[in-house]
1. Show me the chymotrypsin sites (Phe, Trp or Tyr not before Pro) within the range 81-117 that DSSP assigns to loop and that have at most 15 other Cβ atoms within 10 Å of their Cβ.
2. Can you list which of the trypsin sites (Lys or Arg not before Pro) found in the range 251-315 are DSSP loop residues with at most 10 other C-beta atoms within 10 Å?
3. If you roll a 1.4 Å probe over the chain with all protein chains in place, what percent of the accessible area is carbon or sulfur?
4. Please list, ordered by chain and number, the residues whose modelled amide H lies under 5 Å from the amide H of MET269; skip anything fewer than 5 residues away on the same chain.
5. How big is D, in µm² s⁻¹, for the range 19-115 by Stokes-Einstein at 25 °C and 0.890 mPa s if Rh is the Kirkwood radius over C-alpha pairs?
6. Taking one equal scatterer on every alpha-carbon of the range 239-298, how large is log10 of I(q)/I(0) by Debye at q = 0.16, 0.17, 0.19, 0.21 1/Å?
7. With θ set to phi - 60° and the Karplus curve 6.51 cos²θ - 1.76 cosθ + 1.60, what are the ³J(HN,Hα) couplings of the range 442-449 in order, to the nearest whole Hz, using x for Gly and Pro?
8. Where the convex hull is taken over the Cα atoms of the range 165-208, what is its projected area averaged over directions, in nm²?
Amino acid sequence: MKNITLDITKASCFLAEGAVAAFVPKVKAAQEALENGTCPGNDFLGWLHLPSSITPAFIAEIQACADVLRQNCEVVVVAGIGGSYLGARAVIEALGNTFGWLIQDGKNPIILFAGNNIGEDYLFEMTEYLKDKKFGVINISKSGTTTETALTFRLLKKQCEAQRGKEEAKKVIVAVTDAKRGAARTCADKEGYKSFIIPDNVGGRFSVLTPVGLLPIACAGFDIKALVEGAQDMEKACGKDVPAGENPAAQYAAVRNALYQSGKKIEIMVNYQPKLHFVSEWWKQLYGESEGKDKKGIFPASVDFTTDLHSMGQWIQDGERTIFETVISIEEPEKKLLFPSDEENLDGLNFLAGKRVDEVNKMAELGTRLAHVDGGVPNIRISVPRLNEYYIGQLIYFFEIGCGISGNVLGVNPFNQPGVEAYKKNMFALLNKPGYEAESKAIQERLAKEG
């Protein structure tokens, strides 16, 4: 099978001659530091060779658990935040029927995502929806105390037990958590839930190919074996001994860092398939949380084209030239739909009659790319043969290894997130959480002064 491919010609042409090549030694050194475990954050490198370490027995265990949920649930709620849900949602939304939540055909459970916000209306409406449903829960949290997820899981646990009885509920509540520590582990052991381990050396945003992502994806009815195979093949294609000119992740890291050095501070992830919206959301977390440190980092943004050409298109075409685009292009759609002819032709579109809708979309993609390049926007193009499990697996690993390399080239620790803790400290102080008495007093005094 073909691999996804990378075209950087419409990006490198905006750079001085040799600018990308100048980053190749840095990229090579960065990848060697990952491989040798000598880079910052080297205790979180478990994702690096995760695909090739996944065994058929492990996949079978995940699938068996998913089958229990599939057979006993109309709805499965995935409770998690950040990397604990975005990867799974990206894959499920990309591969699923766009209107699947309206089509309850009895073949696959509806997958809902919660625990990623503290919206009271959202949670109330979800619990109302679940009142007459046979539902199960996948609780994804290493600690079990992350506010958004813990709050949601408490609600869901109580409701599931009330509707199904405590013993039956135990069969449809699964914990994906730490091996030994934390509230979620204690709860799972006490209640007797089936559980899977989040490896200590894999951070949340790199965890799609652990049970964090694989279990919800399998519950949705998708082929996790093919997903892993795609990631395994991309792991080989991006291996440390692959020459930089043939290694797509090395090329991606080199060109985006060269663009950043030249003043391009914003990378816009572009897709022309609505199903890829959450792939972009996952990518934004992966790169934003990994690179945005020490007052450095490319700002990751995203748009859904052609929709956003009618809103953000003007700014991208003519706004400040501090941006570049990375376009995910799907070569062949999974479905076929021809544009019809109309006798009256009031819309003047009969010239498209008989063409596939995807041909129109492809010309919109090409026309936009030409216009944006003419407007001074460097373009990177990632070509994906099909939107299926195998190629999504490739895409996931490509972005993960590209991120690890790129963050090391940038000179930051790509695997920590110290800035995420700042809001939590303030929130706990404002809520008078036990243990935060001094912080509570200080923040109340500050707010009184600020009026």
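The values are calculated or read from the model by the stated rules, or taken from the named source; none is laboratory data. Note that the structure is a prediction, hence the values are computed from the model and not measured. Cβ coordinates were reconstructed from backbone atoms using ideal geometry, including for glycine residues, and neighbour counts include every protein chain displayed. The area values use the complete protein model at the heavy-atom level, side chains included, leaving out ligands, DNA and RNA. Shrake-Rupley method; radii C 1.70, N 1.55, O 1.52, S 1.80 Å.
1. Details: sites: TYR85, PHE99, TRP101, PHE113; in loops: TYR85, PHE99.
Qualifying residues, ordered by number: PHE99.
2. On the way: sites: ARG256, LYS264, LYS265, LYS275, LYS284, LYS293, LYS295, LYS296; in loops: LYS264, LYS265, LYS293, LYS295, LYS296.
Sparse-neighbourhood loop trypsin sites (Lys or Arg not before Pro): LYS295.
3. Working: 11540 of 21120 Å².
Here carbon and sulfur together make up 55 percent of the probe-accessible area.
4. Under 5 Å from the amide H of MET269: ALA301, SER302, VAL303, THR326.
5. The calculation lands on 143 µm²/s.
6. Here the Debye-derived log intensity ratios amount to -0.67, -0.74, -0.89, -1.00.
7. Ordered by residue, 3J(HN,Hα) equals 5, 6, 5, 5, 4, 5, 5, 5 Hz.
8. Working: hull surface 13.6 nm².
If I average the Cα hull's projected area over directions, I get 3.4 nm².
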